[in-house]
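What follows draws every value from the coordinates through simple rules; no lab data is involved. Computed from a predicted structure; not experimentally measured. Reconstructed Cβ throughout: ideal geometry from the backbone, glycine too, with neighbour counts over all protein chains shown.
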Amino acid sequence: SKYPYFCNLFVLRTLSTSDDVEDRETEKGRLEEAYEKCDRDLDELIVQHYTELTTAIRTYQSITERITNSRNKIKQVKENLLSCKMLLHCKRDELRKLWIEGIEHKHVLNLLDEIENIKQVPQKLEQCMASKHYLNATDMLVSAVDSLEGPLLQVEGLSDLRLELHSKKMNMHLVLIDELHRHLYIKSTNRVGQRNKEKGRISSLVKDASSVPLMDVTNLSTPRKFLETSQFSTPGSSSMRETSLLEIKEDMELDPEENSAVFMGILIKGLAKLKKIPETVKAIQDRLEQELKQIVKRSTTQVADNGYQRGENLSQENQPR
């Protein structure tokens, strides 16, 4: 009982190999002495490393307890997961119904926001038209009509607004065409007339009665020159012209008519968004002769008025005091 069970078995097997009793006693004494020496050495080592041994035992006990607790928790988590799986399986149809309702509510909220924005379109459109920011107005109008005739087609409360905006879209190109003609024929020639008047004033100051002011249009910026600038080095390059038209942007902070060529490009881009380019070309062709006649009439009137004014000045200068 002094030694462990496996040690006793080892001693019995060792002693059974010897037939002599004296040898057995000797072997027994040697083994007992060895065991006692081992016990003493073990006790000394325990005394020397008592602190480390105590710490190791405590650490091992702590780790064992944590592993046991973790196993219990994992077991509990598995049980909870199985329980949740069963509950979710039972509530699957209800959860799917709630998920679908959530998507529907989100879609309804988006539609309500879109309706609120579309209701403000007439007022914003009127402001843009008043300030002549036609490209922004065209984008706003086209987008609103597409929404009203698409996702919001079944909304009965927007029927009046739908008809109003659709009517404005149908007539929008007429305004843009009128503005295009105004810049193409009237505003461009007005600058020539203004230059003519300035030359007339200069000639009257130097009293050069023989010089008649000419209409210099070599430096005049026209739509054709706008398309044939250095950036369009290849004649007839439609891809380059389309790229230039796409790059045109409208600055809401600046006067849209400050640059006539850019303004006409904005008008053409707006007409393209409205898909009214064929109607625009036809309108320009139909009004070409009339507009050219008006240019000749205005130019003739300006030349006549200028000549009459110069004649009056000369007659007054030749009269004695």
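Some notes on this structure:
- Contour excess over end-to-end distance, with Cα ends at Lys124 and Cys90 and 0.36 nm allotted per residue: 6.9 nm
- Set Lys275/Lys297; Lys249/Lys282; Lys249/Lys275; Lys132/Lys269; Lys168/Lys293; Lys119/Lys168 screened for pairs whose C-alpha atoms are more than 23 Å apart: Lys275/Lys297; Lys249/Lys282; Lys168/Lys293
- For the peptides 31-41, 157-167, the ranking by mean Cβ contacts within 10 Å, running from highest to lowest, is 157-167, 31-41.
- Inter-label distance, nm, simple model (7 Å from Cα along the C-beta direction), Gln290/Tyr60: 11.0 nm
- Modelled FRET efficiency - R0 25 Å, Asp146 with Asn259, Cβ distances, 0.05 increments: 0.25
- Three-way shape label, region 67-117, alpha-carbon gyration tensor, a/c 1.5: oblate
- A Förster distance of 30 Å, applied to the separation of the beta-carbon atoms of Glu52 and Gln76, puts the FRET efficiency at 0.25.
- Selection of trypsin sites (Lys or Arg not before Pro), region 80-114, meeting DSSP coil and at most 16 other Cβ within 10 Å: Lys91
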